[in-house]
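Each reported figure results from applying straightforward, stated rules to the coordinates on display, with no laboratory input. Model, not experiment: these values are computed from the prediction. Because the Cβ atoms are built from the backbone with ideal geometry, glycine has one as well, and the counts that use them run over all protein chains shown.
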Amino acid sequence: MSRAFRLVTYNIHSFIGRDGEYAPARTLMQIEQLQAEVVALQEVRGDDRQGMEMLTAMAQANDYELVLGPTVVEQPGHHYGNALLVRGKQVETRRHNLSRPGHEPRGAIEVRVSLAGEPWRIFATHLGLSPRERRWQVQSLLREIRRDEAVNTVLMGDLNEWFMWGRPLRWLKRYFRLSEQPATFPSRWPLLALDRIWVHPCARLHSVSAVKTPLSRNVSDHLPLLAEIY
């Protein structure tokens, strides 16, 4: 039987806590405590020199490779978007453009990596605010995922989907065969399951839980979402 491991998706809100304080150290402490093999991060600011230096140092200290997936690039070194922290041997990295005209640029990072001795594809994303935009983005991601269904696959991130019966969630549930996931937003009193972790085949997903601690309720407006994979 394969060794169990953890996946996490976390919207870090540019290291700004619910109290309005910019505090990278406590966000990175939260990430370290989760001890995941792969961590998908959203709202990462590349122009935040202090935060990026601390994130890079934390990654190195914990044997992660840091993979950036900027969606907004104003000039070299000034970008904003997604990131992945990955343990394990990476085979390939791709970046998918999910942007739509008239909306904030969006994207997804795809990595192929060996985890617990098996090949996995990991897609990490942060979808748009418009329902029409999200429909197009989910369709695009599912097309990419279906290109190689023989490989264990994860889709995770902040999907920004609060319509329980909306088409994007229906499509994802149909493919990944998973319905309920815990609420992660807002972090103090979570009501909405904006953050999701989907796994194919679904039998590999043992559990999904929102991390609810005094620290996690304060360091971001989202709670971290943690999945145990068997």
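Applying a DSSP loop filter and a limit of 13 other Cβ atoms within 10 Å to the trypsin sites (Lys or Arg not before Pro) in the stretch 1-45 leaves ARG3.
Treat every Asp and Glu Cβ in the chain as -1 and every Lys and Arg Cβ as +1, leave all other atoms uncharged, and give the resulting dipole magnitude about the Cα centre to the nearest 20 debye.
On the way: 30 positive and 25 negative charges, 193 e Å.
So the magnitude is around 920 debye.
Karplus-derived 3J(HN,Hα) values for the stretch 157-168, using 6.51 cos²θ - 1.76 cosθ + 1.60 with θ = phi - 60°, are x, 8, 8, 6, 9, 9, 8, 4, 9, x, 4, x Hz; glycine and proline are entered as x.
Considering only PRO101, MET52, LEU215, the residue lying farthest towards the positive end of the dipole of the chain is PRO101, judged by Cα position with unit charges set on Cβ. In a simple Cβ point-charge model (Lys, Arg +1; Asp, Glu -1; nothing else charged), the stretch 160-230 has a dipole of about 220 debye relative to its Cα centre. Close amide H pairs (under 5 Å, H built 1.01 Å from N) link LEU98 with ARG106, GLY107, ALA108, residues at least 5 positions away or on another chain. Each of TRP120, TRP171 was scored by other Cβ atoms within 10 Å of its Cβ. Listed from fewest to most, they are TRP171, TRP120. Between amide H atoms placed 1.01 Å from N, distances below 5 Å from ILE12 occur with GLN42, all of them 5 or more places distant or on a separate chain.
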